Structure formats: structure tokens, C-alpha cells
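All remarks here apply to the structure that follows.
Please treat every number below as a calculation from the coordinates, not as lab data. Nothing here was measured: the structure is a model prediction, and the numbers come from that model. Cβ: placed from backbone, ideal geometry, glycine included. Neighbour counts: every protein chain shown.
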Amino acid sequence: MVTAISINALNKTFPGGRKALQEIHLNIEAGEMVALIGASGSGKSTLLRHIAGLMVGDGASQGLIQIHGRTVQQNGKIASDIRQTRAGVGFVFQQFNLVDRLPVIVNVLAGTLHKVPMWRSLLRWFTAAEVARGVEALRRVGIAECSAQRASTLSGGQQQRAAIARAMVQGAKVILADEPIASLDPESSRRVMDILARVNREDQCTVVVSLHQVNVAMKYCQRTVALHQGRVVYDGPSVALTPTLLRELYGAEADEILALGDHISSLQDSPRVKPVPTWREPLAQAA
């Protein structure tokens, strides 16, 4: 097995002395889809941002994070070639992180900016091949018909799917999804999780997704990593996360996790991503 993400002795202390992450040691193999769970404030988002090199750990701890053998950060310093490493890492934010006033296709094609000259990125000029790749990504997530719309006109679920399409266009081999369904309705949540699972399966992409709902983690991820007060308290099969075990791990905080039901499985089975024909004329205008 090839290790996609390696974390060794990672610590993070915020101003005031609060320990956000404590002695994190994790190895995630290429092609895994791993759930990251924990109550609010457990360190899920902080850990994902450290993996992506968006935050730096404590220097005194000699922490090390690597993605596919490339160093992201070590000893409290971001690697000098971090931009090259980030090119292979897609980050899906809870709040979508799209530019509202730009067309959806342009937002998606932002995933190619690490490959194009600066002048083209400033002019937002994309080749026909790049546009076609963006169209295909939008088709795969089921919103190709929205390609020419402003991002602000999309629903929350559609915006999240556009964010995943951006990571696909980027060619990311690792996708970090930070509570991607936290603000979505049940049907949109299921679509987003289905798409992440399909990208993991079809593209052999490593996916780490932080979730509040344990049942959703069990449904989509064979492995779950549970955080509590910045520490890894469980790393193993998702199916083993019974209410009894969660109460042993979290104590009273387990009620916060268990109170969130699996609103996805309650939906009746139905077609989840409708095939949509490629639209070319509006995209040529957007390009």
C-alpha cells in the first residue's frame, strides 16, 4: 500500500495556551475514504487545515506532515515547495468558497490555475480542452446545465457539488472535505456524499471527510478517526462505533454526536445524479 497522508507528532497550541491538536499520529493509505468525527471544537477542521498546509503546527514538537511523500510542513514551518504539493490536494469547504459573481464554469476552472500562466489566470482565459474538462466535471456531479449561471444563483447543495467539480478539474489525488454537508438539506447531503464516494472509487482518490453524523460515517467510510479535545481517541472500523463505545470515548459529549441522526438513510432510494448532456454554447461564452 502507498501512504497518501502521513502525520507524525503534530501539535497545535493556540494563543492563550489552548491545545487544539495533541500528538497526532496518522497514516492514511492511497485510495481510502476516511471519516473524521468529533464534537464541536474537537479539532477536525484544524487537522484538515494542517494537512493542507493552511495552518502550521507547533515548532517545538517536531511535527511532520507528508502527502504522497512530499513534505507539507515540518518543525512548525511550511515547506518551501508547498504550492506544488497543494496542486494535488483539493479542499472542499463547508461554505463552498466560490466566487458568487462569476459563472459556475469559471469557478470550476479555477482548479486549473496552478497549471496555466499568470496572464491567463488574470484574464480568466481558458482553452477549449480546459473548458471541456470543466464541463465533464460538472456533468459528473450532475449540474452541467448550471455551467453559465452565476455561482450565487445555485442552491447550497449545487454550490458544494461545484466545489467538488473544481477539485476534480484540479486533478487532486487527495480531497479534504471539511464538514461538506453541515449546512445542507437531506437530499443535497446524500448527493454530495454519493459524489465524494464515487470520486474515491472511480478516480482512486483519497478522501478524508469530517462529519458530525456517525451513521453517515458508517454508511460511506470503512474507517473512522475520532477526535476528542485534539487527540485521536479512536482509529478503526466505522462499524465498531456503537453508542456504547462513543460514550466511553466522549463521555457526556457523546450526546451531542448521537443526537444528530442519519438524515440521509431516511430518504427513499431514487436516482441520485441525473445524467445531463454537455452544453457547449453557454460554456464558450463563459470561457
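Across the chain, Cα-Cα pairs farther apart than 25 Å form 48% of the total. Between ALA182, ALA259, ALA110, the GNM of the chain built on Cα springs shorter than 10 angstrom shows ALA259 fluctuating the most. Highest mean packing first, where packing is the average number of other Cβ atoms within 10 Å per residue, the peptides 224-234, 58-68, 166-176 line up as 166-176, 224-234, 58-68. Against the chain, whose longest principal axis is taken from its Cα atoms, helix 156-170 shows a tilt of about 80°. Counting only Cβ charges, +1 for Lys and Arg and -1 for Asp and Glu, the dipole size of the range 154-206 around its Cα centre is about 180 debye.
With both residues required to sit in the chain, DSSP beta bridges show an antiparallel share near 55%. Cβ-to-Cβ counts within 10 Å put SER147, SER155, SER238, SER188 in ascending order as SER155, SER188, SER238, SER147, the fewest first.
Between the beta carbons of ALA128 and LYS219, assuming R0 = 30 Å, the FRET efficiency works out to 0.15 to the nearest 0.05. Going by alpha carbons, how many degrees (0 to 90, nearest 10) lie between the helix axis of 128-141 and the longest principal axis of the chain? With both axes taken from Cα atoms, the answer is about 50 degrees.
Against the chain, whose longest principal axis comes from its Cα atoms, helix 186-202 is set at around 90 degrees. Kindly identify the range 9-98 as rounded, prolate or oblate by the Cα gyration tensor criterion: order the square roots of the eigenvalues as a ≥ b ≥ c, call it rounded if a/c is under 1.5, otherwise compare a/b with b/c, prolate if a/b is larger, else oblate. Rounded. Taking 0.36 nm per residue of sequence separation and removing the Cα-Cα distance, the ALA148/THR3 pair yields an extension gain of 48.3 nm. For the range 36-167, the Kirkwood radius over C-alpha pairs fed into Stokes-Einstein at 10 °C and 1.306 mPa s yields D = 97 µm² per second.
How big is the charge dipole of the chain about its Cα centre, in debye rounded to the nearest 20, if each Lys and Arg gets +1 on its Cβ and each Asp and Glu gets -1 on its Cβ?
Its charge dipole is roughly 880 debye.
In plain terms, the chain from ASP235 to ASN75 could stretch by 55.1 nm, reckoned as 0.36 nm per residue minus the Cα-Cα distance. Summary value for the chain: 25 percent relative contact order, contacts being C-alpha pairs under 8 angstrom separated by 6+ residues.
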